[in-house]
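Inspection log for the structure reproduced underneath, given as structure tokens.
The values are calculated or read from the model by the stated rules, or taken from the named source; none is laboratory data. Being a predicted model, the structure only gives us computed values, none of them experimental. Because the Cβ atoms are built from the backbone with ideal geometry, glycine has one as well, and the counts that use them run over all protein chains shown. When the accessible area is computed, the model is the full protein with side chains, heavy atoms only, and any ligands, DNA or RNA have been set aside. Shrake-Rupley method; radii C 1.70, N 1.55, O 1.52, S 1.80 Å.
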Amino acid sequence: MAVSISLVLLTGVIVVVLWRSGYLRFWPTTAVALFGFSLASTGIAPAIRDAITSVTGWISSISF
């Protein structure tokens with residue numbers, strides 16, 4: 001749970017920075033967000049969530 005909240009905050013910060021710098025436009029961003037919401041309601045959502053969980057687990061296990 002903590003990893004997903006952190007991931008949401010991180011991606012939110014990235015989106016805000018890209019939006020403010022002018023790299024993101026309104027309509028493509030809206031289309032991608034709507035695609036993400038519709039993808040979350042399909043049967044592939046658990047596989048995507050598991051992939052994100054395993055990648056974040058792999059990254060957190062790396063010792064610096």
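Selection of the range 5-22 for residues being without any contact (Cβ under 8 Å) to a residue 12 or more places away in the chain and surrounded by 10 or more Cβ atoms within 10 Å (Cβ to Cβ) yields S6, V8, L9, L10, T11, G12, V13, I14, V16, V17, L18, W19. Sub-9 Å Cβ pairs linking a first residue in the range 23-34 that is touching a residue at least 12 places away in the same chain (Cβ under 8 Å) to a second residue that is surrounded by 10 or more Cβ atoms within 10 Å (Cβ to Cβ) and not in a helix (DSSP H, G or I), at least 6 apart or interchain, number zero.
At least 1 residues being among the basic types (K, R) and either out of contact with any Asp or Glu (no Cβ under 6 Å at 6 or more places or on another chain) or modelled with pLDDT of 85 or more (or both) is the threshold, and among the helices (runs of 4 or more DSSP H) wholly inside the chain those reaching it are 2-21, 45-61.
Residues that are within 17 Å of S6 (Cβ to Cβ), in contact (Cβ under 8 Å) with a residue 24 or more places away in the chain and open to solvent by less than 90 Å² (accessible area, probe 1.4 Å) are absent from the range 36-51.
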